[in-house]
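No value in this document is a laboratory result; all are computed from the given coordinates. All of these numbers come straight from a predicted model, not from anything done at the bench. We place every Cβ from the backbone using ideal geometry, glycine too, and count neighbours over all the protein chains shown.
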Amino acid sequence: MPPIVSIANLSKTYDTGYQALKQVNLDIHAGEILALLGPNGAGKTTLISIICGIVNASGGSVTVGGHDIVKDYRITRSLIGLVPQELTLGAFETVWHTLCFSRGLFGKKPDPRYLDQLLKDLSLSDKKHTLLMFLSGGMKRRVLIGKALAHQPTVLFLDEPTAGVDVELRKDMWALVRRLRESGVTIILTTHYIEEAEAIADRVGVIDHGELLVVDDKQALMHKLGKRQLTIELDSAQASLPAALTPWNLEMSTDGGRMTYTYDPLKANTGIDALLQAVRAAGLGIKDLQTKKTSLEEIFVNMVHQSK
Amino acid sequence: MNIYAIRVIYQQEMLRAWKTSAQSFASPVISTALYFVVFGSAIGSRIATVEGVSYGSFIVPGLMMLALLTQSIANASFGIFFPKFTGTIYEVLSAPISVAEILIGYVGAAATKSMIIGLIILGTAGFFVPLHIAHPLWMLLFLVLTCISFSLFGFIIGLWAKDFEKLQIIPMLVITPLVFLGGSFYSINMLPPAWQVVTLFNPVVYLISGFRWSFFEVADVSVELSLAIILVFLATCLTLVWWMFKTGYRLKQ
Ligand SMILES: Nc1ncnc2c1ncn2[C@@H]1O[C@H](COP(=O)(O)OP(=O)(O)O)[C@@H](O)[C@H]1O
Ligand SMILES: [Mg+2]
């Protein structure tokens, strides 16, 4: 299947001379949840804004559904819904009115039944006739999502949907995003929270300083770049590491009760077998063993670190 | 053509005026009534006629123009400045909508509002002075063209302005003086010859003159020239807006 969004050599230099995007290439598959992960100032909003028509690109091209975003802007824009990063919403109009406005703006004829259902899905039915200025931040965010979905787009961009949102609401948001994906909408969300990408994305793109460092399946990315850690809990605390164990570069916990070994799980010889034998040979008793994957966060920190 | 988009923008703008109708529609009526009391009655009682027209009637077209120009600019500039200011403009920019459609929605609504205001003022004036409109179709033509072109001009100001101060500065420092010095309340024949020449560089003179001609068949300049000037102004504004959207001027980086 051809990509629903295809970005080729996209670059952006702002009037200030700052290069916010450098030759970005990215294909987005229909029906997936793609997380664009990057620190503040990485260029996430710039990338989204170009695709949606809010910022002009300096070079390169983008197609949505096979159509060029400049030449065929009417087609591409009606395929896209955008939830902006800031809570940019009017004040003196009602929730219902702003939804109808969005739907009309994107060229769709009025459909009160669809919009009513949308309000229900967003748990906003009881706020239908409330003025926007009386809504809480979380509700405003949901109204913005409603506005973005009012014209039934096939691609939805969510720019930092959970920035500054508390944990409970964040989980609600993730559930909502998953439901949307199930309804067939392709979702691209930006975030600087690793847990977010880890929790809901199918694929993750890491972006920093205007460069897309890597895009891959979330699992594959963690597999490829992720190290594992083996923690050995000892019977009795040790004052220091036995000399025989130095080749493994172990980390000793401060109380001397645990040793941690970091290894690459993809290597044929992970070194674990030899390590355990050496531990036993050194006369240490093993109380417990534990292995864990490094999180996306650690991967990310590593990668951004290397790119500098 | 994205008809639905034009419709929702137009409706939204009209709704905004309706919600603030006291300010939108009542205040022009009140200020017009005051002008009649001050100029028409107090001063007019000492000026018998101007070019054969009673002074009270003579100032009606000028008063309407004053309101049309200021209201068109105020409505249209605010209509586009505000979403730019609050950031909600992102939605219009990301919508499948052309420049022409944006203009028809925003400028059309602003022009409609000032037309309504113009007609309300005309009606109000009817209570104070006898009114006779010699060429109603010409009157309407000037009314419509003025509302559209100055709403377009206001739209440009709204796009250009980066803050509220800039939004006010052109209407206050340029338009208001031009209207007052453009013969709203006098015929330019009443000025010393040198000033008559200077006045001809004021574009508003042509608007008021043409508009007044449609009422009383008295004019400072020929009506064709008036029409030509307003059409040139309209074309200039259209070109400018087109360029602004094309380049993304102050809208898109
Ligand atoms: N309008 C602008 N003019 C100049 N520089 C900008 C503009 N918008 C964003 N930038 C710069 O471009 C970089 C990327 O910004 P942005 O895309 O908003 O990043 P992110 O969304 O990843 O936080 C930042 O360094 C930012 O300062
Ligand atoms: Mg951002």
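Considering only DSSP beta bridges whose two residues both sit in the protein assembly as shown, what percent are antiparallel, to the nearest 5?
Rounded to the nearest five, the antiparallel share is 65 percent.
How large is the Rg to Rh ratio of the range B:155-194 when both quantities use alpha carbon positions and Rh follows Kirkwood?
With Rg and the Kirkwood Rh in hand, the quotient comes to 1.21.
Anything in chain B that counts as a DSSP H helix reaching 27 Å or more along its axis (C-alpha) with Kyte-Doolittle mean of at least 1.6? List them, would you?
Both cut-offs are met by B:99-128, B:136-160, B:223-247.
Taking the radius of gyration and the Kirkwood hydrodynamic radius from Cα positions alone, what is the Rg/Rh ratio for the range A:156-223, to two decimal places?
Answer for the range A:156-223: 0.96.
Count the lysine pairs in chain B whose Cα atoms sit under 26 Å apart, keeping only pairs 8 or more residues apart in sequence or on different chains.
Here the count comes out as 15.
If I histogram all Cα-Cα distances within the range B:3-247 using bins 5 Å wide from 0, what percent of pairs lands in each bin?
1, 6, 13, 18, 19, 16, 12, 8, 4, 2, 1, 0
Report the semi-axes of the equivalent ellipsoid for the range A:227-307 in whole Å, largest first, where each axis is √(5λ) for an eigenvalue λ of the Cα gyration tensor.
25, 14, 11
So what is the relative contact order for chain A, in percent, with contacts set as C-alpha pairs under 8 Å and at least six apart?
Relative contact order, chain A: 20 percent.
Given a Förster distance of 56 angstrom, what is the FRET efficiency for A:ILE286 paired with A:ARG113, based on the Cβ-Cβ distance and rounded to 0.05?
Step by step, r from the Cβ atoms, then E = 0.30.
Just to be sure I understand: with springs between alpha-carbon atoms less than 10 Å apart, which residue in B:TYR106, B:TYR90, B:TYR186 has the highest mean-square fluctuation in the Gaussian network model of chain B?
Per the Cα network of chain B with a 10 Å cutoff, B:TYR90 tops the list.
Tally Lys/Arg at +1 and Asp/Glu at -1 over every other residue whose Cβ is under 15 Å from the Cβ of A:VAL177; what's the total?
Cβ neighbours under 15 Å give a net charge of -1.
Using a 10 Å cut-off around each Cβ of peptide A:98-108, what is the average number of partner chain Cβ atoms that fall inside?
If you average over the peptide's residues, the count of other-chain Cβ atoms is 6.
Kirkwood hydrodynamic radius (Cα pairs, Å) of the range A:76-211?
Evaluated on the range A:76-211, it is 15.4 Å.
Taking the Cα centre of chain A as the origin and placing charges on Cβ (Lys, Arg +1; Asp, Glu -1), which of A:PRO112, A:THR190, A:VAL165 is farthest toward the positive end of the dipole?
Going by the Cα projections, it comes out as A:PRO112.
In the range A:66-91, whose amide N lies under 13 Å from the spot 7 Å out along Cα-to-Cβ of A:MET1? List them in ranges.
Taking a point 7 Å out along Cα→Cβ of A:MET1, no residue of the range A:66-91 has its backbone N under 13 Å.
Of the residues B:GLY52, B:GLY126, B:GLY183, which exhibits the maximal mean-square fluctuation in a Gaussian network model of chain B defined by a 10 Å Cα contact cut-off?
Looking only at B:GLY52, B:GLY126, B:GLY183, the largest GNM fluctuation is found for B:GLY52.
Across every pair of different alpha-carbon atoms, what Kirkwood hydrodynamic radius in Å does the protein assembly as shown reach?
Taking every pair of different Cα atoms in the protein assembly as shown, averaging 1/r and inverting gives 28.1 Å.
Between B:SER149, B:ALA134, B:LEU227, whose Cα lies farthest towards the positive end of the dipole of chain B when Lys and Arg beta carbons carry +1 and Asp and Glu beta carbons carry -1, centred on the Cα centre?
Value computed over the given set: B:SER149.
Could you calculate the FRET efficiency of A:MET303 with A:ILE75 from 1/(1 + (r/R0)^6), where r is the beta carbon distance between them and R0 is 45 Å, rounded to 0.05?
0.80
Could you give the size of the charge dipole of the protein assembly as shown about its Cα centre, using +1 on the Cβ of each K and R and -1 on the Cβ of each D and E, expressed in debye and rounded to the nearest 20?
640
In debye, nearest 20: dipole of chain A around its Cα centre with unit charges on the Cβ of K, R (+) and D, E (-)?
820
So what's the back-of-envelope 222 nm ellipticity for chain B, counting only DSSP H runs of four-plus at -39500 (n - 2.57) apiece and dividing by all residues, rounded to 500?
After summing the helix terms and dividing by the residues of chain B, the value is -23000 deg cm²/dmol.
Short version: what are the Cα gyration tensor semi-axes of the range B:183-253, square root of 5 times each eigenvalue, largest first, in whole Å?
In descending order, the three semi-axes are 33, 14, 9 Å.
What is the dipole size for chain B, taken about its Cα centre, with +1 at each Lys and Arg Cβ and -1 at each Asp and Glu Cβ, in debye to the nearest 20?
With only Lys, Arg, Asp and Glu charged at Cβ, the dipole is about 580 debye.
What does DSSP give for chain A in terms of the percent of beta bridges that are antiparallel, rounded to the nearest 5?
About 65 percent, rounded to the nearest 5.
Report the Stokes-Einstein translational diffusion coefficient (µm² s⁻¹, integer) for the range B:65-151, Rh taken as the Kirkwood radius over Cα pairs, at 4 °C with viscosity 1.567 mPa s.
Value of D from the Cα-based Kirkwood radius: 90 µm²/s.
For the range A:197-300, what is the relative contact order in percent, using Cα pairs closer than 8 Å and at least 6 residues apart in sequence?
Normalised by residue count, the contact order of the range A:197-300 is 33 percent.
Kindly state, to the nearest 0.05, the FRET efficiency for B:HIS135 paired with B:THR86, given R0 = 41 Å and r defined as their beta-carbon distance.
0.40
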